[in-house]
2 protein chains.
Amino acid sequence: MADLSEPLYAVIMAGGRGERFWPLGRKSRPKQLLSLTDERTMIENTLNRLTPLLPPERILVLTNRDYVEPIRSLLPLPPENVVGEPVARDTAPCAALAAALIRRRNPAAVPTMLLLPSVQELRDGAALRRVLRAAAARAARGELVTIGIRPDSPNTGFGYLELGAELTAEPVRFYQVKAFREKPDPETAKRFLEAGNFRWNSGIFVWRTGDLLRAFRRFAPELATMTEQLCAVPDSEFSATLERLFPACPRISIDYAVMEKADHIVAAEATFDWDDVGSWNSVRQRLQPDDAGNAVRGTAELVDCRNCLVVGDSDHLIGAIGVEDLVIVTAGNATLVCPRNRVQEVKKLVQAVAEAKHGDRYL
Amino acid sequence: MADLSEPLYAVIMAGGRGERFWPLGRKSRPKQLLSLTDERTMIENTLNRLTPLLPPERILVLTNRDYVEPIRSLLPLPPENVVGEPVARDTAPCAALAAALIRRRNPAAVPTMLLLPSVQELRDGAALRRVLRAAAARAARGELVTIGIRPDSPNTGFGYLELGAELTAEPVRFYQVKAFREKPDPETAKRFLEAGNFRWNSGIFVWRTGDLLRAFRRFAPELATMTEQLCAVPDSEFSATLERLFPACPRISIDYAVMEKADHIVAAEATFDWDDVGSWNSVRQRLQPDDAGNAVRGTAELVDCRNCLVVGDSDHLIGAIGVEDLVIVTAGNATLVCPRNRVQEVKKLVQAVAEAKHGDRYL
C-alpha cells in the first residue's frame, strides 16, 4: 500500500436476508451468516480476503440491526465497526452511511473506501487484493472505480459493465465504463460474451469518500445531505440522527443512484473465478458435482439421480430416487424441493409460507 | 353367524415391515403400525372391521417378535392372542402356526379361520363382513375360499384370480378359481380387466383348519408336520417347539404353497372399494388429491405443483415449487424424494441406506 497516500477503509455490506437460501437461510440466519460452500460463513470468508490488506480497525460491516450482535460475535473486528442500519435500504444509503462513519474517524484526511458485498465466492484472495490495491491507487486520482469480472459464460444472473477504451494494462487492466447493463436475457448475454467488451458487475466499488459525496450531491442530493448531517453531529447525537435520517432515504442501489450517471467511472478487470452466490444453483456449482452431476452436502443416499443439489441437515438423511435437476434442502424444521431452473422462485415460496400464518416458525 | 356350526376365528397377519413406507415406516414402526390414510393405525382399522363379526378372544394377531409388545399395547385383545413369530417366513408358515394356535384352543371342534393381512384399506366394513360370513359358510362345506375384488382398473400392483364357473349368486357371488396369476404387466392387466373373469387377489382366505392341514399334508408336508407337532406338545413346551420348528420352514406364500395347487378353491366376489396399501401411491389415492392432484398430509406449501404426494412430519414444513408426480415425505430424521412411478424402488433405497453404515439411525 506504499502507493496510497490516504487511509484506506473497507466496508462490507451485510444487509442481505436469507430468503433465497430458505430453508437453510432464515430470518435469524441470513445468507452472509451461512456456510454455503465451505466450513466458514460467507462473511468470514469475505473478511479473511481483506485482512491481509488492511487492519481490522479499518474494516466496517454495515448490516441489518438484527444481525449486529451475531456478526460482532463471529468476526474479530472492534465491535463498534459493526453498525446496524435502522431499516433496510439498498446499497446507496448504505454507502452514504459508510462514508459518514469513515469521515467521522478521519475528519482531516480524505479516506478511500472499498465497498463490497458480504457474500461473494472467489478462491483467489490474493488476486482480489491485487485488483483492490490497483483500484485504490486509481481512486486516489479522483475516479470512481468498479470491478468487472471477465465472463466465461453468458450468465443471465448478473448485471454487466459495458467497457469503453482501455486506460492501462499494468498491473491491472482498467477501462472506461460506457454503460451499466441490467441482468440480460439469454440472447443478450450471449451477445455480451461474444462482443468481448462486457464484464460482470461484481458490486465491488472503490472511491475516495469525497468523490462519492460529490457524486451524491449531483445525482442523489438527499443522500449527500444525510452524510453531511451525520458527519456534523456530536457523538452523543449520532444514533438519533441516523435513526431519523436513514429511514427517509430512498431504496436505491449505488449503481442506479450514482454509477450509471456519473462521469469518470472506470472498471478494473478481474480475471479470477467469481460468483455472487445468488441462489442454490451457485452453491451447486461451488460444491463440485460428482460424475452424475450431483452435489451433496450432509448425509444423502441418491439412487439413479442426476444433476441435483442435495443439502442435508446434520443428522438428517435425504434419500432420493430417480430425480434430475432438482434442488433438495432440509434444514431444521423445513424442507425445500425445487427444480434447478426455478430456484429464483424460492423467495416467492417463502412469501407464501409467511402468508400461511404459521407464525415465524418456518421463516 | 347362525349358519356357522363351527367356532370362527380370525387371524391377522402382521408380519410386514415398513420399508416401502420409509422414512415414515422404520424398523421400529412397520406399515401395520402406521397411520397412513386416517388417524388410526392400519392394524386398528383392520381389527375394527372384524370386531362386529367375532369376539376379541377369537381374533389372533401373528407378527414379528419385535412388534408383539407395541401391538399388545395398541389393540384391545387378550395379550396371549398376539403371537410373535421367531423369524419372518411369509404367509404359509404363518397360516400353519395360526392353525396350530386355533386347534390347541379347540381340540374337539373343527374351527374355521379367516386369514387376512393387517394392512388393507377399505371403507365398507359391513360389506367385508357380509362376504366373510358367506365365505365361512362356504368353507364349512370343505372348500378353500379366497376373496377376489372386482377390478375397476388394470392395476399392475396386485395378483389376480382367474375365475371359472359361477357357483352361487346370492347372497354373495362365488366362483371356481381356475388359476392364480402373478402381478401382470400393463398389457396383461388390461386384458384381464377386459376379459371380465379376473379378480384382484385380496390375500384374504377362509377355510376350516382341518381342510388347510389336509392341503398342507399334500402340497407342503413340512408345514403340516409343524402344525401337528405344535398341536401335540404340552403348553410348557410350546414356545421351545415353535422356536425350533418355525425357522426351519421355507419362506413361501400361502398362494404358492397351497392355493395354486389345491382343488376346490373358490372365490367370493367382493365389490367394495379395496386397496392393499402397497406403496406411497396407494396413500396418495386414499388421501383424496385436490384439484391440482396434490395429496397432502402435514404442513406443506406447494407453489405450482401437480399430482404430488406430500407427507410432512409434525412441525416440519415441506415447501415445493414446480414439481410434478413426485412423492415427498419427511419423517423424523429422514426425507424421501421419489417420482410416483418409482415408489417400488423405495425398498432399494432403504437397502442402500442400510449398506451405507450409518447404523440403524435412519432405518
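In the full protein assembly as shown, how much of residue A:235 is accessible to a 1.4 Å probe, in Å² to the nearest 10?
About 130 Å², ignoring ligands and nucleic acids.
Would you mind getting the accessible area per residue of the stretch B:205-328, heavy atoms of the protein chains only, 1.4 Å probe, in Å²? Kindly include the intermediate steps, with their values, before the conclusion.
Working: 5090 Å² over 124 residues.
Heavy-atom SASA per residue in the stretch B:205-328 reads 41 Å².
Note down the accessible area of residue B:256, probe 1.4 Å, to the nearest 10 Å².
Accessible area of residue B:256: about 130 Å².
Report, in debye and to the nearest 20, how large the dipole of chain B comes out about its Cα centre when Lys and Arg carry +1 and Asp and Glu carry -1 on their Cβ.
Numbers: 46 positive and 47 negative charges, 137 e Å.
Charge dipole of chain B: 660 debye, to the nearest 20.
With every protein chain present, what is the per residue accessible area of the stretch A:44-150 (1.4 Å probe, Å²)? Present the calculation step by step, with values, prior to reporting the outcome.
Values: 3590 Å² over 107 residues.
Value returned for the stretch A:44-150: 34 Å² of accessible area per residue.
Given a Förster distance of 56 Å, report the FRET efficiency between residue B:141 and residue A:324 from their Cβ-Cβ distance, rounded to the nearest 0.05.
0.45
Quick one: Kirkwood hydrodynamic radius for chain B, alpha-carbon pairs, angstrom, one decimal?
Working: mean 1/r = 0.0466 Å⁻¹.
When all Cα pairs of chain B are included, the Kirkwood radius is 21.5 Å.
In nm, give the distance between the simple-model label positions of residue A:344 and residue A:156, each being 7 Å from the Cα along the Cα-to-Cβ direction.
Once both label points are built, they end up 0.6 nm from each other.
For peptide A:351-358, compute the average count of partner chain beta-carbon atoms within 10 Å of each residue's beta-carbon. Intermediate values should be presented prior to the final figure.
Numbers: counts 2, 5, 6, 1, 1, 5, 0, 4.
Average per residue, whole number: 3.
What number comes out for the charge environment of residue B:201, summing +1 per Lys or Arg and -1 per Asp or Glu over other residues with Cβ under 11 Å away? Write down the numbers at each step before the final one.
Values: positive: B:181, B:183, B:199; negative: B:162, B:182, B:255, B:260, B:276.
Cβ neighbours under 11 Å give a net charge of -2.
Could you check which residue among B:273, B:152, B:313 shows the biggest mean-square fluctuation in a GNM of chain B with a 10 Å Cα cutoff?
The residue that fluctuates most here is B:152.
Taking a label point 7 Å out from Cα toward Cβ, give me the nm distances from residue A:285 to the same spot in the other copies, shortest first, one decimal.
4.5
By how many nm would the segment from residue A:35 to residue A:69 lengthen if fully extended, with 0.36 nm per residue of separation less the alpha-carbon distance?
Values: separation 34, 0.36 × 34 = 12.24 nm, distance 1.78 nm.
Once the chain is fully extended between residue A:35 and residue A:69, it gains 10.5 nm.
Which percent, to the nearest 5, of DSSP beta bridges fully inside the protein assembly as shown are antiparallel? Let's see the in-between values first.
Values: 56 of 132 bridges.
Around 40 percent of the beta bridges assigned by DSSP in the protein assembly as shown are antiparallel ones.
For peptide B:335-343, compute the average count of partner chain beta-carbon atoms within 10 Å of each residue's beta-carbon. Each step should come with its number before you reach the end.
On the way: counts 14, 6, 14, 7, 5, 0, 1, 5, 1.
Per residue, the number of nearby Cβ atoms from other chains is 6 on average.
Between chains B and A, what is the buried accessible area in Å², counting both sides, with a 1.4 Å probe and ligands, DNA and RNA left out, to the nearest 100? Working shown, then result.
Numbers: alone 16200 and 16270 Å², together 29640 Å².
Chains B and A together bury roughly 2800 Å² of accessible area.
With the Cα gyration tensor of the stretch A:159-226 giving a ≥ b ≥ c as the square roots of its eigenvalues, does the rule (a/c under 1.5 for rounded; else a/b larger than b/c for prolate; else oblate) give rounded, prolate or oblate? Show your work: numbers first, answer last.
On the way: a/c = 3.02, a/b = 1.57, b/c = 1.93.
Oblate shape, in that a/c is at least 1.5 and b/c is the bigger or equal ratio.
From other protein chains only, count the Cβ atoms within 10 Å of every residue's Cβ in B:319-331, then give the mean. Kindly include the intermediate steps, with their values, before the conclusion.
Numbers: counts 15, 8, 13, 7, 6, 1, 0, 4, 1, 4, 2, 6, 0.
Counting Cβ atoms of other protein chains within 10 Å of each residue's Cβ and averaging gives 5.
Under the rule a/c < 1.5 gives rounded, and otherwise a/b versus b/c splits prolate from oblate, where does the stretch A:297-363 land using the Cα gyration tensor? Don't skip to the end; give the middle numbers.
On the way: a/c = 3.05, a/b = 1.51, b/c = 2.02.
Since a/c reaches 1.5 but b/c is at least a/b, the shape of the stretch A:297-363 is classed as oblate.
Kindly give Rg over Rh for the protein assembly as shown, based on alpha-carbon atoms, with the Kirkwood expression for the hydrodynamic radius. Could you put the intermediate results ahead of the total?
Values: Rg = 35.8 Å, Rh = 30.5 Å.
Rounded to two decimals, Rg/Rh equals 1.18.
From the Cα gyration tensor of the stretch B:193-322, with a ≥ b ≥ c the square roots of its eigenvalues, which class applies: rounded if a/c is under 1.5, or else prolate if a/b is larger than b/c, or else oblate?
Values: a/c = 4.03, a/b = 1.93, b/c = 2.09.
Since a/c reaches 1.5 but b/c is at least a/b, the shape of the stretch B:193-322 is classed as oblate.
Assuming R0 = 25 Å, can you tell me the calculated FRET efficiency for the pair residue A:28 and residue A:51, based on Cβ-Cβ distance, to the nearest 0.05?
Details: r = 27 Å, r/R0 = 1.06.
Efficiency computed from Cβ-Cβ geometry: 0.40.
Return the carbon/sulfur percentage of the accessible area of chain B, one whole number, probe 1.4 Å, all protein chains in place.
Details: 6770 of 14790 Å².
Carbon plus sulfur share of accessible area: 46 percent.
Along Cα→Cβ at 7 Å, what distances in nm separate the residue A:352 label point from those on the other copies, shortest first?
Sorted ascending, the copy-to-copy spacings read 2.7 nm.
At 1.4 Å probe size, what's the solvent-accessible area of residue A:190? Round to the nearest 10 Å².
Residue A:190 has an accessible surface of roughly 120 Å² with all protein chains in place.
Loop by DSSP (not H, G, I, E, B), at most 13 other beta-carbon atoms within 10 Å: where is the longest site-free stretch of chain B for GluC sites (Glu not before Pro)?
Details: sites that count: B:39, B:182.
The longest such stretch corresponds to B:183-363.
Let me have the 222 nm mean residue ellipticity of chain B computed from DSSP H runs of 4+ only, each contributing -39500 (n - 2.57), with the sum over all residues rounded to the nearest 500.
Values: 10 runs with 107 residues, N = 363.
Computed mean residue ellipticity for chain B: -9000 deg cm²/dmol.
Determine the alpha carbon to alpha carbon distance for each of B:190/B:348; A:31/A:183; A:27/A:183; A:190/A:348; B:31/B:190; B:31/B:347 and list only those over 18 Å.
Violating the 18 Å limit, Cα to Cα: B:190/B:348; A:31/A:183; A:27/A:183; A:190/A:348; B:31/B:190.
Take every Cα pair under 8 Å in chain B that's 6+ residues apart, average their separations, divide by the length, and report that relative contact order as a whole percent.
Working: 727 pairs, mean separation 69.8, N = 363.
Reported as a whole number, the value is 19 percent.
List residues of the stretch A:133-161, by number, whose backbone nitrogen lies under 13 Å from a label position 7 Å along Cα→C-beta of residue A:194.
Of the residues in the stretch A:133-161, A:154 have backbone N under 13 Å from the label point off residue A:194.
Using a label point 7 angstrom from Cα along Cα-to-C-beta, what distances in nm, from shortest up, separate residue A:218 from the other copies?
Its label point is 10.4 nm from the equivalent points in the other copies.
Evaluate E = 1/(1 + (r/R0)^6) for residue B:314 and residue A:123, where r is the Cβ-Cβ distance and R0 equals 45 Å; express this FRET efficiency to the nearest 0.05. Please report the intermediate quantities before stating the final value.
Numbers: r = 42 Å, r/R0 = 0.94.
Efficiency, from the Cβ-Cβ distance: 0.60.
The values are calculated or read from the model by the stated rules, or taken from the named source; none is laboratory data. Values in this document were obtained by computation on a predicted structure and should not be read as measured data. Counting neighbours? That spans all protein chains shown, and the Cβs are built from the backbone with ideal geometry, glycine included. Just the protein is used for accessible areas: all its heavy atoms, side chains included, with ligands, DNA and RNA removed. Shrake-Rupley method; radii C 1.70, N 1.55, O 1.52, S 1.80 Å.
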